[in-house]
Every structure is written in structure tokens, then in C-alpha cells.
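Beneath this line is the structure, given in C-alpha cells, with notes to follow.
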Amino acid sequence: MLAALSGCAAAGGETARISDTVTYRQRIALLPGAQVTVQLADISLADAQAVVLGSTTFTTESQVPLPFTVEYDPADIQANHTYALQAEIRDNEGKVLFRNTTALLVLTNGNPSDDVEIMLEMVSGQ
């Protein structure tokens, strides 16, 4: 699935979205009730907590790859900032099973706004 970054009219202003899939390489099925969270974050300041600009959380209804869409306000995007997608999958008890371990840079500084599949890694101890 190709990702899409598009503006669309919404009450109160413009919104944009970034969409694609979350997946992992391990041949392990997700149990019913697993929760996927994907965030678009401004990671520009190394010594500060990332600012989340958009987020989505959903319960899995199938196995990977899992499609996602994160909406955000394009007015919040600054050309000289760095943005990344962060994702994790938790079991139905809240335990983190998978997360991305490297920054998936998007939107600015020559980074993609499409074709941004998020590859997750199994969390240690699983």
C-alpha cells in the first residue's frame, strides 16, 4: 500500500494525513485484542521530549501488514524541523510486543511523505 499525504477540508481548517502499513518480520500471529499505536512526532530537539502532532490507536482485526492513517494539521509542520513516525503493538494486557527501533523520518528535509511502511522489531523478552 502506498502512503498518502494529502490535505482535505475539515471543520475549522485544513488537515493532512500520512498513511501506509505497520509490519514486522517475525512469523508470529497477533492475538485478538492487540493494540497498534502510530504517532507523528516532531523530534527536532535532541534534549527535549518529542512533540506528538498526530496519533492513531486501533485494535487489530487482521495480521500484518496493518494499514494506518494519522491525521495532523499541516500548519504545525516547519520546514526546518525533523519529523518521524513512531509505532508499537501492545497485547491486550498492555505489554509492548513490537516497536520501531530506528527513527522513520518523514515530511521534511528530503524525507518521504509516502511509501513509509513502518517496520517493527520484537521487544526483548518476548
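Between the range 73-99 and the range 27-59, what's the alpha-carbon centroid distance in Å?
Cα centroid to Cα centroid, the span is 3 Å.
What does the extension gain come out to for Asp91 and Thr108, with contour length at 0.36 nm per residue minus their alpha carbon separation?
On the way: separation 17, 0.36 × 17 = 6.12 nm, distance 3.27 nm.
Working it through step by step, the gained length comes to 2.8 nm.
Could you check how much of the accessible area of the chain is carbon and sulfur, as a whole percent, using a 1.4 Å probe?
On the way: 3570 of 7250 Å².
That share works out to 49 percent.
I'd like the Karplus ³J(HN,Hα) series for the range 58-66: coefficients 6.51, -1.76, 1.60, θ = phi - 60°, whole numbers in Hz, and an x wherever there's a Gly or Pro.
Taking θ as phi minus 60°, the curve returns 8, 8, 5, 10, 8, 9, 5, x, 10 Hz for the range 58-66.
Please give the contour-minus-distance gain from Arg27 to Leu45: 0.36 nm per residue of separation, less the Cα-Cα distance, rounded to one decimal in nm.
2.9 nm
Stretch His81-Val52 to full length: gain in nm at 0.36 nm per residue minus the Cα-Cα span?
9.1 nm
The values are calculated or read from the model by the stated rules, or taken from the named source; none is laboratory data. Because the structure is a prediction, the values reported are computed rather than measured. Remember, those area values only see protein heavy atoms, side chains included, never the ligands or the DNA or RNA. Shrake-Rupley method; radii C 1.70, N 1.55, O 1.52, S 1.80 Å.
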